[in-house]
Amino acid sequence: ALLTMALKAHGWQPGKTFALSPAAMVRANVIGSWNKRRYRLAIRRAIDLGLLVETYRGGRRQHDPSQYQLRQGG
C-alpha cells in the first residue's frame, strides 16, 4: 500500500527524490488507520526489499523529513 501511494503521488520515475514523513502521512490520513509505527515499518521493509533507497536521513530539526528514491528496475 505504501509503494502504491508513493507511485501515485510521485509517479514512476526511478532516481527522483521525494520525502516520506510518517507523521505527515498520519495527519493526512493517507492510508486509513495506519499509525506512524506502521508507516515506519513499511518504509523499512521497502528498503530491505530493495524497492526504496534512503538518500537522506532526516530528523535533524523540525520539518526535516527523510528523502527516498525508487530503485531503478525495482
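The values are calculated or read from the model by the stated rules, or taken from the named source; none is laboratory data. Since we're looking at a predicted model, the values are computed, not measured. Methodologically, a virtual Cβ is constructed for each residue, glycine included, from the backbone with ideal geometry; neighbour enumeration extends over all protein chains shown. These area figures cover heavy atoms from the full protein model, side chains too; ligands, DNA and RNA do not enter into them. Shrake-Rupley method; radii C 1.70, N 1.55, O 1.52, S 1.80 Å.
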Check segment 39-52 and report whether any residue there is open to solvent by 50 Å² or more (accessible area, probe 1.4 Å), β-branched (Val, Ile, Thr) and modelled with pLDDT of 90 or more. no
Every residue in segment 1-24 that is among the basic types (Lys, Arg) and either open to solvent by less than 50 Å² (accessible area, probe 1.4 Å) or in contact (Cβ under 8 Å) with a residue 40 or more places away in the chain (or both), please. LYS16
Checked against (1) within 19 Å of ARG71 (Cβ to Cβ); (2) modelled with pLDDT of 95 or more, PRO14 satisfies every condition except (2)
